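A short write-up of the structure that comes next.
The values are calculated or read from the model by the stated rules, or taken from the named source; none is laboratory data. Keep in mind the model is a prediction, meaning the values are calculated, not measured. FYI the Cβ positions are ideal-geometry reconstructions off the backbone, even for glycines, and counts take in every protein chain you see. What goes into the accessible areas is simple: the full protein's heavy atoms, side chains included, and nothing from ligands, DNA or RNA. Shrake-Rupley method; radii C 1.70, N 1.55, O 1.52, S 1.80 Å.
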Amino acid sequence: MVDNMGKVKVFRCRICGDPYIGSEAPMHCPFCGAPQRFFVKAQDWNPDEFNVKLSEISKKNLEAALQLELDNASFYDCAKNKAQKAGDNYSLAKFKALMKVEREHASAISKFLKISSPELKKQACNADSKVNSKEGWEREGRAIKSYSKFRDEATEQRLKEFFGALVEIETDHLDLHSEYFK
Ligand SMILES: [Fe+2]
Ligand SMILES: [Fe+2]
């Protein structure tokens, strides 16, 4: 037996619900990007986390958020493919990670709406990764604006928290794209 047995644990992210194995909770969720404070030990997970009775306005806002996430995920998917074609490995990694995170957001939103996460549609983008970063920056800005509004309009504490976390995560993405404008 190795002497570091029992050093890793199972955690769960309260924003996307996904499990994570590690010695401690990660700084950012590898699936949805949520900061560390949203992690709980798997034993402490509340199985009703996504089982929220939705107000009319939150249902409408979640549906709008779902479209936004799917749209951004397909945009990043296109940007990733262009970067791959151009042999730009950094942009490939960046857009691939963003695509996965936005897909995860779409899937978390679908859990609240109690539907299965829709497939991505094809989306156009530029051949130039710098241009796509600029568009990504604009898209993230719009997402932050919408989610701040959705957070403020939510009457359910859980949805205030959820939209608030999305605002934080998309702000990290905005920061990432700003590498070209500094
Ligand atoms: Fe997460
Ligand atoms: Fe997102």
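The figures follow:
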read-out	value
Selection status of ILE15, of a type in the set (A, V, I, L, M, F, W, C), surrounded by 18 or more Cβ atoms within 10 Å (Cβ to Cβ), outside the structural domain of SER148 (by TED's automatic domain parsing) and within 16 Å of ligand 1 (Cβ to nearest atom)	yes
Number of the exception - LYS60 against (1) under 22 Å from LYS145 (Cα atoms); (2) within 15 Å of ligand 2 (Cβ to nearest atom); (3) among the basic types (Lys, Arg)	(2)
The stretch 83-104 - residue that is of a type in the set (Lys, Arg) and within 15 Å of ligand 2 (Cβ to nearest atom) and, of those, least open to solvent (accessible area, probe 1.4 Å)	LYS94
Residues within the stretch 149-160 that are acidic (Asp, Glu), touching a residue at least 60 places away in the same chain (Cβ under 8 Å) and part of a helix (DSSP H, G or I), tallied	1
Test: residue in the stretch 63-73 that is at pLDDT 95 or above and more than 14 Å from ligand 2 (Cβ to nearest atom)	yes
Qualifying residue in the stretch 116-128 (condition: touching a Ser or Thr at 6+ places or on another chain (Cβ under 6 Å) and modelled with pLDDT of 95 or more)	no
Condition broken by GLU49, with the remaining ones in (1) in contact (Cβ under 8 Å) with a residue 24 or more places away in the chain; (2) in a loop (DSSP other than H, G, I, E, B); (3) within 11 Å of ligand 1 (Cβ to nearest atom) satisfied	(3)
Test for SER91: is it away from ligand 1 (no atom under 16 Å from the Cβ), part of a helix (DSSP H, G or I) and hydroxyl-bearing (Ser, Thr, Tyr)	yes
Long-range neighbours under 9 Å by Cβ, at least six apart or interchain, first residue in the same structural domain as PRO19 (by TED's automatic domain parsing) within the stretch 33-45, second acidic (Asp, Glu) and open to solvent by 40 Å² or more (accessible area, probe 1.4 Å)	GLY33/GLU168; GLY33/ASP172; ALA34/GLU168; PRO35/GLU168; PRO35/ASP172; GLN36/GLU24; PHE38/GLU161; PHE39/GLU24
Restricting the stretch 36-67 to residues that are in contact with a helix residue (DSSP H, G or I) (Cβ under 6 Å, 6 or more places away or on another chain) and of a type in the set (Gly, Ala, Ser), the residue that is nearest to GLU24 (Cα to Cα)	ALA65
Selection from the stretch 56-88 of residues that are among the small types (Gly, Ala, Ser) and either outside the structural domain of SER117 (by TED's automatic domain parsing) or part of a helix (DSSP H, G or I) (or both)	SER58, ALA64, ALA65, ALA73, SER74, ALA79, ALA83
Sole residue being open to solvent by less than 20 Å² (accessible area, probe 1.4 Å), among the polar types (S, T, N, Q) and assigned to a helix (DSSP H, G or I), chosen from SER107, SER133, SER146	SER133
